[in-house]
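The values are calculated or read from the model by the stated rules, or taken from the named source; none is laboratory data. All of these numbers come straight from a predicted model, not from anything done at the bench. Neighbour counts run over all protein chains shown; Cβ positions are idealised from the backbone, glycine included. Ligands, DNA and RNA are excluded from the accessible area calculation, which covers all protein heavy atoms including side chains. Shrake-Rupley method; radii C 1.70, N 1.55, O 1.52, S 1.80 Å.
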Amino acid sequence: MRLPKLDSATWRSFITALQTFAAFLVAFAAVPEAMELLTRFYPAVVPLVISGAGIASFILNFFRKDVKNY
């Protein structure tokens, strides 16, 4: 298994997903009621948003000519 290079579309999508997850954690640490609302009523939203951000980043970077994939 090859690991993606640091400037590849795949690597950028992983970083974007991690940054989105970190932003969720910071936002919900600041407002605990929001975390309770999400975990009680919308538990499927958080993974969808995080994976969606990573997929969107991959698609945008995959079609750029100056960004290699792997």
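Conditions tested, residue by residue: (1) closer than 30 Å to ASP66 by Cβ; (2) of a type in the set (A, V, I, L, M, F, W, C).
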residue: LEU18; (1), (2): yes, yes
residue: ALA22; (1), (2): yes, yes
residue: GLU33; (1), (2): no, no
residue: ARG40; (1), (2): no, no
residue: PRO47; (1), (2): no, no
residue: GLY54; (1), (2): yes, no
- Item | region 36-55 - residue that is open to solvent by less than 80 Å² (accessible area, probe 1.4 Å) and free of Cβ contacts under 8 Å to residues at least 12 places away in the same chain and, of those, nearest to the chain's Cα centre (by Cα) | GLY52
- LEU18, sole failed condition from (1) touching a helix residue (DSSP H, G or I) at 6+ places or on another chain (Cβ under 9 Å); (2) open to solvent by less than 90 Å² (accessible area, probe 1.4 Å): (2)
- Task: Please work out if PHE14 is touching a Gly at 6+ places or on another chain (Cβ under 8 Å), of a type outside the set (Val, Ile, Thr) and at pLDDT below 90.
- Result: yes
